[in-house]
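S.K.: Structure incoming, see below.
Every read-out reported here was derived from the displayed coordinates using simple, explicitly stated rules and does not represent laboratory data. None of the values given here were measured: they were computed from a predicted structure. Reconstructed Cβ throughout: ideal geometry from the backbone, glycine too, with neighbour counts over all protein chains shown.
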Amino acid sequence: MKKIGIHLLKKILFITIPFGGLYIFAQMAFEENRKSRHPKDVGLGIAILLFLILLILFIIFFIDAIKQYKKKEYKLMGITIFFLLLFSIPILKIHCLMGGDTFFCDTLISTTKGWFID
């Protein structure tokens, strides 16, 4: 049980560091944009960075899940798969908002309206 708690704490810490950095960067960028005489669209850059951070975290957690499967650590793999599912919805939604024009994207956007990013 202690191993699961430590594993969960490591995952949460591993997630909060990039998101904390993105939050600080976004606040600085928005403040500079407010001071600018000709404001620009800073939100698109932040959305792209969010997409890249989520995608990198998804790939890292996917590799970690494969390693845990090979070691037969199924309880730890369950925690990792939970985070993979948690990352997949925002990744797919941002991808669909940036240019997906399929039935899947229309369904995803209408289903998740107001959840994460509109």
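S.K.: Out of (1) among the aliphatic types (A, V, I, L, M); (2) loosely packed, with under 11 Cβ neighbours inside 10 Å; (3) in contact (Cβ under 8 Å) with a residue 40 or more places away in the chain, what's the single condition that is false for Ile17?
M.R.: Going through the list (1) among the aliphatic types (A, V, I, L, M); (2) loosely packed, with under 11 Cβ neighbours inside 10 Å; (3) in contact (Cβ under 8 Å) with a residue 40 or more places away in the chain, Ile17 breaks only (3).
S.K.: Something else now. Would segment 89-99 turn up any residue that is surrounded by fewer than 16 Cβ atoms within 10 Å (Cβ to Cβ) and either of a type in the set (S, T, N, Q) or over 25 Å from Ile46 (Cα atoms) (or both)?
M.R.: no
Results for (1) under 17 Å from the mean Cα position of the chain (by Cα); (2) exposed (fewer than 12 other Cβ atoms within 10 Å of the Cβ); (3) at positive phi, shown as yes or no for each residue.
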position	(1), (2), (3)
Lys11	yes, no, no
Ile24	yes, yes, no
Arg37	no, yes, no
Asp41	no, yes, no
Leu44	yes, yes, no
Leu49	yes, no, no
Leu54	yes, no, no
Ile79	yes, no, no
Phe82	yes, no, no
